[in-house]
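The values are calculated or read from the model by the stated rules, or taken from the named source; none is laboratory data. Not measured: the values here are computed from a predicted model. When we count neighbours, we look across all protein chains shown, and the Cβ atoms used for this are built from the backbone with ideal geometry, even at glycine.
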Amino acid sequence: MNPAPYSIDTMPQMLARMHRPGPPLAGFVDLLWLYEGYSVPHATERLLPMGTMELVFDLAAEGVVFVGAHSQYFTLETARETSVIGVHFKPGGAFPFLGMPADELHNQHVALDALWGATSVRDRLLEAATPEEKFRILEEALIAHASRPIERDPAVVFALRELGDGQGRVSSILGTRRLVDRFTAEVGLTPKLYGRVQRFQHVLRLAKPGADWAGIAAECGYYDQAHLIHDFRAFSGLTPAMYAPLATDHLNHVPNVPPCGGGLLARRAG
């Protein structure tokens, strides 16, 4: 069953709204999201790498950023209540909207005006009366700033599918340097690094207190448990055993980490 184009969740004093766009954006954008009155009990949370990119508009304070594909965690400041809207791109899906190779944004947060120039998108979002109108404005802005033609590279799409569980062999999927370079420019990570991030994501889905980490290591394609722990710490700054009791339904948001400073989106310390 295809997901509904709009969905809504509510928490006390918070509205969460999601929207899946149709063509031509459907092949590039996973979803548009809106949180109004967003507030959590912890002051900061650690956002773990997913291999995707995000466009984030802070509607409560000045700030619009493109979040590049990450291979390390960064810290979100969550102490203040906020309203925020954004675009969650599919892997490699942000490339037509950047005007530059996606790997130039690796582990970076870049102000939107550095990529699109001066834009009135945030002002229009603030003026919009309904979530549906906000989503329409975002879709129009994306289409207006997309390179033409708006289409995916079939070789990159195939490679992303094959590397999706983190266990595909890069050499058998992308046999030439040219294809590796094309993948890196569109996705923002090298194929090998993207595959490692997806394998890490597989581990997150299995992580529970008291888990059989040696068994998970074997299932996810690591050499051994030590290899799993090394990769997990490299991406999250935590061991799997430290992460498991902190995990919530939002696997990539880990609460109660030391603050890094710097507003809604803060870079990783160190």
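Output the number of the condition that SER147 fails; it satisfies all remaining conditions of (1) assigned to a loop (DSSP other than H, G, I, E, B); (2) modelled with pLDDT of 95 or more.
(2)
Out of everything in region 75-94 that is outside any strand (DSSP E or B) and either aromatic (Phe, Trp, Tyr) or over 13 Å from the mean Cα position of the chain (by Cα) (or both), what residue ends up being surrounded by the most Cβ atoms within 10 Å (Cβ to Cβ)?
So the residue we want is THR78.
Take the residues in region 182-229 that are of a type in the set (D, E, K, R) and either within 19 Å of the chain's Cα centre (by Cα) or within 22 Å of VAL29 (Cα to Cα) (or both); name whichever of them is surrounded by the most Cβ atoms within 10 Å (Cβ to Cβ).
Of everything passing the filter in region 182-229, GLU186 is surrounded by the most Cβ atoms within 10 Å (Cβ to Cβ).
Looking at (1) part of a strand (DSSP E or B); (2) modelled with pLDDT of 90 or more, can you tell me which one GLN72 breaks?
In the conditions (1) part of a strand (DSSP E or B); (2) modelled with pLDDT of 90 or more, GLN72 misses (1) alone.
Given ALA118, ALA43, ALA111, ALA61, which one is hydrophobic (A, V, I, L, M, F, W, C) and out of contact with any strand residue (DSSP E or B) (no Cβ under 9 Å at 6 or more places or on another chain)?
Only one candidate qualifies: ALA118.
Tally time: how many residues in region 17-35 are surrounded by fewer than 20 Cβ atoms within 10 Å (Cβ to Cβ), in contact (Cβ under 8 Å) with a residue 60 or more places away in the chain and among the charged types (D, E, K, R)?
Of the residues in that region, 1 qualify.
Given the criteria free of Cβ contacts under 8 Å to residues at least 12 places away in the same chain and either surrounded by fewer than 22 Cβ atoms within 10 Å (Cβ to Cβ) or assigned to a strand (DSSP E or B) (or both), does GLU45 qualify?
For GLU45, the condition - free of Cβ contacts under 8 Å to residues at least 12 places away in the same chain and either surrounded by fewer than 22 Cβ atoms within 10 Å (Cβ to Cβ) or assigned to a strand (DSSP E or B) (or both) - is not met.
Looking at this structure, is ARG152 without any contact (Cβ under 8 Å) to a residue 24 or more places away in the chain and basic (Lys, Arg)?
Criteria not met by ARG152.
Any residue that is in a loop (DSSP other than H, G, I, E, B) and crowded, with 17+ Cβ neighbours inside 10 Å - is there at least one of those in region 114-126?
no
Checking VAL40 against (1) at pLDDT 90 or above; (2) in a loop (DSSP other than H, G, I, E, B): exactly one of these is not met. Which one?
The number of the failed condition is (1).
Would you tally the residues in region 51-70 being surrounded by fewer than 19 Cβ atoms within 10 Å (Cβ to Cβ) and out of contact with any Asp or Glu (no Cβ under 9 Å at 6 or more places or on another chain)?
4
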